[in-house]
Amino acid sequence: MIKFTSTLILLAFALLLSCGTSTVVVEEEHVTNTENNHVEEIPENIAIGKVVLDKTGCPVKLILENDDDNCYYPVNLDEMFKVDGAYLQFQKYLSRAPLPPGCESCRAISLENVVRLKR
């Protein structure tokens, strides 16, 4: 009986020790910006595009600087940015919004953090 009790106590003690000994260490990544070692990470969804307005086809579309083959229809572009020939920098996300008539060859995108560039 003593052997059973001591085994039970030892088992309970081992369980108590194992419940709380695990720790999670999260290391932060630091990016150093010095004159000689400048590291800049640009997210993949940041793009620069030219606004193209058309009265007969797609009313507003964006042609990206590095992607002349595709056109994009911005579903949430603010009126102040709808200037023909204006260059914009923005974050783009694919959208499932329906395309207006004339924009069938474009992809619908949603824009965030839109900035007009001086060019």
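All of the numbers you see were taken from the coordinates with simple rules; none came from a lab. Given the structure is predicted, the values throughout are model-derived calculations rather than measurements. Note that each Cβ is placed from the backbone with ideal geometry, even for glycine, and that neighbours are counted across all protein chains shown.
Observations on the structure shown:
- Checking each residue in region 42-74 for being outside any strand (DSSP E or B), over 17 Å from the mean Cα position of the chain (by Cα) and not acidic (D, E) picks out K55, T56, G57, C58, P59, N66.
- Of all residues in region 77-97, one or more are basic (K, R) and surrounded by 17 or more Cβ atoms within 10 Å (Cβ to Cβ).
- Reported count of residues in region 80-115, each being more than 14 Å from A47 (Cβ to Cβ) and either in a strand (DSSP E or B) or among the acidic types (D, E) (or both), is 3.
- Reported count of residues in region 98-113, each being buried (at least 16 other Cβ atoms within 10 Å of the Cβ) and either touching a Leu at 6+ places or on another chain (Cβ under 9 Å) or among the acidic types (D, E) (or both), is 5.
- A Cβ distance below 9 Å, combined with a sequence gap of six or more or placement on separate chains, defines the contacts here; from region 53-73, residues that are free of Cβ contacts under 8 Å to residues at least 24 places away in the same chain reach residues that are of a type in the set (D, E) in the pairs V60/D54.
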